[in-house]
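The values are calculated or read from the model by the stated rules, or taken from the named source; none is laboratory data. Keep in mind that what you see is a predicted model, and the values were worked out from it rather than measured. A quick note on method: Cβ atoms are made from the backbone with ideal geometry, for glycine too, and the neighbour counts reach across all protein chains shown. Side chains included, ligands, DNA and RNA excluded: accessible areas come from the protein's heavy atoms. Shrake-Rupley method; radii C 1.70, N 1.55, O 1.52, S 1.80 Å.
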Amino acid sequence: MSDVRDLLRLPIDPDEYDAIRELWKRHSIAEDKRDIAGLMSTLTDDCVYEIVGTEHIWHGHEGATRFYGGLLGAFPDIDFQLTYIVIGPQGVCEEADVTGTHEADWLDYKATGEHVEFGVVIFFPWDACKRLFQGERVHISGLSEP
């Protein structure tokens, strides 16, 4: 990983900002449609998905596909209500309220069949050369401990 000071020094280019925002919108629409191929088209081949603060990490398109299969299988009616977003040359950071029915085990959480509500903050690091996201760093709050 680069020095964080290098990230702070990245220039702000309006065309790149538009590209990052449009890619995030494509990613979000694909997720809403449960379009795995569409999701993968927004990610670098070597993307990394991570639930921060846990040992759960997935690598590459195969790993990202497994991540989404697990998440969407566990919460088939999952709904993300965006509450905050920041877009810059480093990528996108979003905050959302999440709801869904916990129908299958996910990570270390056993299925309850109950409606759940929790929060997420997700960082999508931007790869300026490939003009794709390098994955997601997901912070989860308010989901009952397993």
Review point. Thr65 fails exactly one of the following numbered conditions: (1) open to solvent by 10 Å² or more (accessible area, probe 1.4 Å); (2) within 30 Å of Asp6 (Cβ to Cβ); (3) of a type in the set (S, T, N, Q). What is the number of that condition?
Key: (2)
Exercise for review: Please enumerate the residues belonging to segment 2-60 that are part of a helix (DSSP H, G or I) and on the phi > 0 side of the Ramachandran plot.
Suggested key: Gly60
Review point. Here is a list of conditions, (1) out of contact with any helix residue (DSSP H, G or I) (no Cβ under 7 Å at 6 or more places or on another chain); (2) open to solvent by 80 Å² or more (accessible area, probe 1.4 Å); (3) under 16 Å from Leu132 (Cα atoms), and Arg9 meets all of them except one; can you say which number that is?
Key: (3)
Review point. How about segment 82-141: which of its residues are within 14 Å of Leu23 (Cβ to Cβ), open to solvent by less than 20 Å² (accessible area, probe 1.4 Å) and in contact with a Ser or Thr (Cβ under 6 Å, 6 or more places away or on another chain)?
Key: Phe133
